[in-house]
Amino acid sequence: MKNLLRNFTLVVISFLAFSCGEEENKNLPSTSIAKIIEVTPEFSSLKEALDITGLTSTFEESGDFTVFVPTNDAFAAVLGGLTVEEFNTANPGVLEIVLKYHVLGARVLSSDLSDGQEAATLQGQNITVTLSPNAFYPEYDTDLGDFEETSVFINSSRVYARDVKCSNGIIHVIDAVLLPAS
């Protein structure tokens, strides 16, 4: 997982270094959530899902979103051997519902979260935040560049990379696909 964080960070930094001027880097990056998802190889399943459901354009436009982004491994674990397209064909409408369950309609940094907090998703159901003393990286984490004193969980999914600032919101990388109640 540390390699995922390192690769994700390198992709984001490289993209931002070549796409933003020095003055722009002082403010929120001018890169959309959709573009970060597009250029990060570990998010290719999410990109495909957004394209299939027509939600990509939502994250290309201006707005204030927080997206809990599952990795390709998270998608593979829930799809049970199906491709994203096969899953969507076999379960019409379900993919869009699941994707909207990963999105909040406001910018929410990890420092804004509190233990036990519930937040409404674009899908309509709430997610639950759990903060716990850090059991994963009790020492200095070179990928994070700091000590991670508190681990953040959304439902039961751990947030591995936090607070990726985009022009239209915030990305938090998670280790599982969030599934709303049926």
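The values are calculated or read from the model by the stated rules, or taken from the named source; none is laboratory data. Everything quoted here is computed from the prediction, not taken from an experiment. We place every Cβ from the backbone using ideal geometry, glycine too, and count neighbours over all the protein chains shown. To get the accessible areas, we keep the full protein, side chains included, count just its heavy atoms, and leave off ligands, DNA and RNA. Shrake-Rupley method; radii C 1.70, N 1.55, O 1.52, S 1.80 Å.
A few notes on this one:
- Surface share of carbon and sulfur [accessible, 1.4 angstrom probe, percent] for the stretch 32-179: 50
- Distance between modelled label sites at Glu86 and Ala181, nm, 7 Å Cα→Cβ extension: 3.2
- Protection proxy ranking, peptides 108-121, 69-82, average beta carbon neighbours within 10 Å, highest first: 69-82, 108-121
- The stretch 93-129-the stretch 66-88 distance, computed between alpha-carbon centres (Å): 17
- Counting 0.36 nm for each residue step from Glu60 to Ala120 and taking away their Cα separation leaves a gain of 19.4 nm.
- Secondary structure note: in the stretch 40-182, about 75% of the DSSP beta bridges are antiparallel.
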